[in-house]
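The values are calculated or read from the model by the stated rules, or taken from the named source; none is laboratory data. For clarity, every value in this text was computed on a predicted model and none was experimentally measured. Counting neighbours? That spans all protein chains shown, and the Cβs are built from the backbone with ideal geometry, glycine included. These area figures cover heavy atoms from the full protein model, side chains too; ligands, DNA and RNA do not enter into them. Shrake-Rupley method; radii C 1.70, N 1.55, O 1.52, S 1.80 Å.
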Amino acid sequence: MNIREMQRCIEDNLATRLAGQVALVNGGDMIYRPGVAVPDRGNGPGMPMPPEVTQPEQPALLERPDVHAVYAGVASDTFNKAFGYRGGVPLADTVAAVRSFFDQHGAPYTWWLGPLSGAGDGAEQGANIPAALATHGFAVGEVETGMYLPLVNAELEEPAPTPGLDIRVVRDAAGVADFASVLAANWNPPDGEVLRFHRRAAPALCSPGFAATLLVAYQDGQLAGAAEVYRTASGHPTAGDTASLDVAGVYNVCTLEAFRRRGLGTAVTRAALGHAGQAGCRHAVLQASGEGYRVYARLGFRDVGRFVECVPVD
């Protein structure tokens with residue numbers, strides 16, 4: 001693959017995963033009881049569930065030639081995203097469409113741009129869209145590095161076993177709750193909307209053959225870390241396999257604070273890549289934060305472009 005094809009793999013995986021949130025949360029259990037915690041199964045403290053909701057907001061998808069946007073049915077910009085700007089209409093018109101879409105739901109959101117869709121390095125429009133969005137009431141938030149690893153040729157050294165470390169593929173609602181607890185703990189206090197989303201999504205996430213796989217790490221029986229793999233098609237399948245989900249997007253690699261700086265992030269990433277390889281994936285992609293970049297570079301990922309988050313500020 002050339003760099004442009006690698007960038008396309010990352011953008012397609014990200015956009016497909018975002019759009020997939022609509023189907024993911026439709027039909028889930030949304031009846032909550034105030035103060036009820038995720039059960040403590042001996043893996044860490046339970047977290048309070050969000051307040052009771054009996055009439056859940058339904059997720060929605062905005063698909064236009066110039067932009068895609070997803071409202072995931074929760075009040076969190078962790079899940080509510082616009083993605084890309086592909087031109088064809090004035091940027092002001094695209095901004096108006098995105099604002100209108102999220103305003104009708106009263107939902108917070110952010111707008112992500114990749115190297116092929118407006119981030120300013122290799123963009124098809126040849127423009128720095130984040131800078132242009134500043135004139136429309138947006139500010140740059142996070143900037144992440146798009147990274148690519150060819151799994152077929154990857155030489156992932158097997159580290160020495162970590163005593164007491166158990167990394168499991170999630171197969172039931174209890175595992176989804178543990179995954180959500182790790183992810184929610186990235187905020188202080190833990191983000192109840194993350195718990196709500198995953199409670200709703202649990203039936204789909206536990207369905208055989210679903211494109212997403214969650215992994216949860218336990219250290220000496222205690223909940224410690226997590227990662228997600230999301231599979232899509234590259235458009236460059238092996239001979240005779242026209243529909244292979246051969247790209248593994250790695251997301252939500254995180255470790256609870258008490259277990260950081262022990263190599264657990266590297267271990268759970270290796271486990272995610274191993275699962276992806278066993279599932280037939282030939283390419284691995286991710287967006288790396290500044291903290292995670294060195295971990296992924298040591299595993300053989302290469303830098304192929306930047307992804308920029310734009311946050312509405314007015």
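General remarks:
- Count of region 291-314 residues, restricted to those that are part of a loop (DSSP other than H, G, I, E, B), closer than 23 Å to residue 141 by Cβ and touching a residue at least 12 places away in the same chain (Cβ under 8 Å), is 4.
- Any hit, region 182-197, residues being over 23 Å from residue 76 (Cα atoms), out of contact with any Cys (no Cβ under 8 Å at 6 or more places or on another chain) and not polar (S, T, N, Q): no
- Just one residue in the set 286, 273 is open to solvent by less than 30 Å² (accessible area, probe 1.4 Å) and not in a helix (DSSP H, G or I); that residue is 286.
- Residue 183 fulfils the conditions (1) crowded, with 21+ Cβ neighbours inside 10 Å; (2) at pLDDT 95 or above; (3) out of contact with any strand residue (DSSP E or B) (no Cβ under 9 Å at 6 or more places or on another chain) except for a single criterion, (3).
- Test: residue 296 is of a type in the set (Ser, Thr, Tyr), touching a strand residue (DSSP E or B) at 6+ places or on another chain (Cβ under 9 Å), open to solvent by 10 Å² or more (accessible area, probe 1.4 Å) and more than 22 Å from residue 174 (Cα to Cα): yes
- Test: residue in region 234-245 that is open to solvent by less than 50 Å² (accessible area, probe 1.4 Å) and modelled with pLDDT of 95 or more: no
- Once region 156-211 is narrowed to residues that are more than 23 Å from residue 274 (Cα to Cα) and not in a helix (DSSP H, G or I), the residue that is nearest to the chain's Cα centre (by Cα) is 186.
- Pairs linking a residue in region 3-28 that is of a type in the set (D, E, K, R) to a residue that is open to solvent by less than 30 Å² (accessible area, probe 1.4 Å), with Cβ atoms under 7 Å and 6 or more positions apart or on different chains, are 8/116; 11/114; 11/116; 11/117; 12/232; 17/230; 17/249.
- Restricting the first member to region 248-271 and to residues that are under 28 Å from residue 11 (Cα atoms), and the second to residues that are in a strand (DSSP E or B) and acidic (Asp, Glu), the beta-carbon pairs closer than 6 Å and six or more apart or on different chains are 251/228; 252/228.
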